[in-house]
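Okay, so here's the structure we're looking at.
What follows draws every value from the coordinates through simple rules; no lab data is involved. Everything numeric here is computed off the predicted structure, so don't read it as measured data. In this analysis, Cβ positions are derived from the backbone assuming ideal geometry, glycine residues included, and neighbour counts consider all displayed protein chains.
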2 protein chains.
Amino acid sequence: MEFSSKLLENAVYEISQLPGIGKRTALRLALHLLKQPEEQTSHLTSALEKLRSQIKFCSNCHNISDVALCEICANPKRDASTICVVEDIRDVMAIENTGQFRGMYHVLGGKISPMECVGPQDLTIGSLVGKVKQGGVTELIFALSSTMEGDTTNFYIFKQLEGTAVKTSTIARGIAVGDELEYADEITLGRSILNRIPFENSMKA
Amino acid sequence: MEFSSKLLENAVYEISQLPGIGKRTALRLALHLLKQPEEQTSHLTSALEKLRSQIKFCSNCHNISDVALCEICANPKRDASTICVVEDIRDVMAIENTGQFRGMYHVLGGKISPMECVGPQDLTIGSLVGKVKQGGVTELIFALSSTMEGDTTNFYIFKQLEGTAVKTSTIARGIAVGDELEYADEITLGRSILNRIPFENSMKA
């Protein structure tokens, strides 16, 4: 693409650095901002700058938070003995939405992934292991995505906790509620047969 | 969505104001920026702010430009007697890419669209008509998109120019080069038959 303006070219370049946004989309977004009142751009840029410079992470669960201890960790009604281990804040939001979990979270900040140069030291695994070794935690629920990286991360944490009395579990994998069996992939279907549950239990949720 | 941080919520809200970006994508982009070095966010925001506050439009063709007269208008080798009328800078870039046009452009800044509250006075039609009436322009090529709004805009400009000697034309509509006839819509196919050209001419480009 050849631009008639360096300012436009630079803005398009910076927007297209965002994941999933190509040059054409970036140009569309830049031209959109030019057509809108100047305040829209300044609101957007100040929101992004504030987010990046002022964001804090909860000292306990490492979730994004505006205060030192996030709402969930600060809530005395939540069960501190059960910790759900997740990748990022989106997983916390998704699980909170179900209304089925009253324990605490621990946000790892990613998965162990040699391909993307993410090792255990880049995640908050040390702080999780420390928390467990301090005592008071009876169960860890691994809720990472069901990929090679997720499984590796689960296993790494599991090994780090050897010798402690903590119980570990992973969330159930199986056919999604409402899904047709014939379209399910064979690994999921296979696991859902192996890990079948008593029919009475299935009527609880 | 419930957010654990007002800063994050605000950033997601502002990003999701951009066209084609929903709340989920906005959250993904915000979390991406949080994972990147702080400079990436500051480069992005300063590029957007500079774009919005310092952008200029060419005084002749209204294209986006960093100087008062854009490169195309300032080029003495371009033919000032032929003006190609387009909606926005993307159309200029697309036509320039073909290398087939050596005239000038006039960027309207949109199309007449009552549905989106865009009237003739919101576009640069007045300046185009003024340019033609001053003389020196022999042909206007309408290169707007082939929609109701595009046709309305063409017709409005055409009526404004009644009484002048300027020639008006529109770019050819037809089956795209490389397209299969059976998949073409009937209006396009119909037009391409009505507006057929001598076979010898078709071998020129």
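Things to note:
- Length-normalised contact order of region B:1-99 in % [C-alpha pairs under 8 Å, at least 6 apart]: 11
- Whole-number percent relative contact order across chain A, with pairs defined as alpha carbons under 8 Å at least 6 apart: 12
- The charge dipole of the protein assembly as shown, taken about its Cα centre with unit charges on the Cβ of Lys, Arg, Asp and Glu (plus for the first two, minus for the last two), comes to roughly 680 debye.
- Our helix-only sum for chain B, with -39,500 (n - 2.57) per DSSP H run of n ≥ 4 divided by its residues, gives a mean residue ellipticity at 222 nm of -13000 deg cm²/dmol.
- Average Cα contact separation per residue, region B:69-171, under 8 Å, 6 or more apart, as relative contact order %: 29
- Inter-chain Cβ neighbour average for residues A:54-66, partner chain, 10 Å: 3
- When B:Asn201 is represented by a point 7 angstrom out along its Cα-to-C-beta vector, the spacings to that point in the other copies are 7.8 nm, nearest first.
- Rotational relation A to B, axis-closest Cβ in chain A, residue and distance rounded to whole Å: A:Thr45, 2
- Inter-part distance where region A:150-199 and region B:163-194 are each reduced to a Cα centre, Å: 58
- Along chain B, the exposed loop sites are GluC sites (Glu not before Pro) outside DSSP states H, G, I, E and B with at most 11 other Cβ atoms within 10 Å, and the longest stretch free of them is B:3-161.
- In nanometres and ascending order, the distances from the B:Ala68 label point to those of the other copies are 5.9 (point 7 Å from Cα along Cα→Cβ).
- Net charge of the neighbourhood of B:Leu140, taken over other residues with C-beta under 14 Å away and scored Lys/Arg +1, Asp/Glu -1, is +1.
- Phi angles of region B:111-126 translate, via the Karplus equation with coefficients 6.51, -1.76, 1.60 and θ = phi - 60°, into HN-Hα couplings of 10, 5, 8, x, 4, 9, 6, 10, x, x, 6, 7, 10, 8, 5, x Hz per residue; Gly and Pro are given as x.
- Radius 15 Å from Cβ of A:Leu189, net charge of other residues (Lys, Arg +1; Asp, Glu -1): -2
- Summed side-chain charge close to A:Gly126 - residues other than A:Gly126 whose Cβ falls under 15 Å, Lys, Arg +1, Asp, Glu -1: +2
- Averaged over peptide A:19-31, the number of partner chain Cβ atoms lying within 10 Å of each residue's Cβ comes to 4.
- Taking the number of Cβ atoms within 10 Å of each Cβ as an exposure proxy, the fewest-first ranking of B:Val137, B:Val12 is B:Val137, B:Val12.
- Only lysine pairs 8 or more places apart, or on different chains, with alpha-carbon atoms under 17 angstrom apart are counted in region B:69-171, and they number 6.
- Given charges at Cβ of Lys, Arg, Asp, Glu: region A:70-171 dipole, positive-most of A:Val132, A:Val85, A:Gly99: A:Val132
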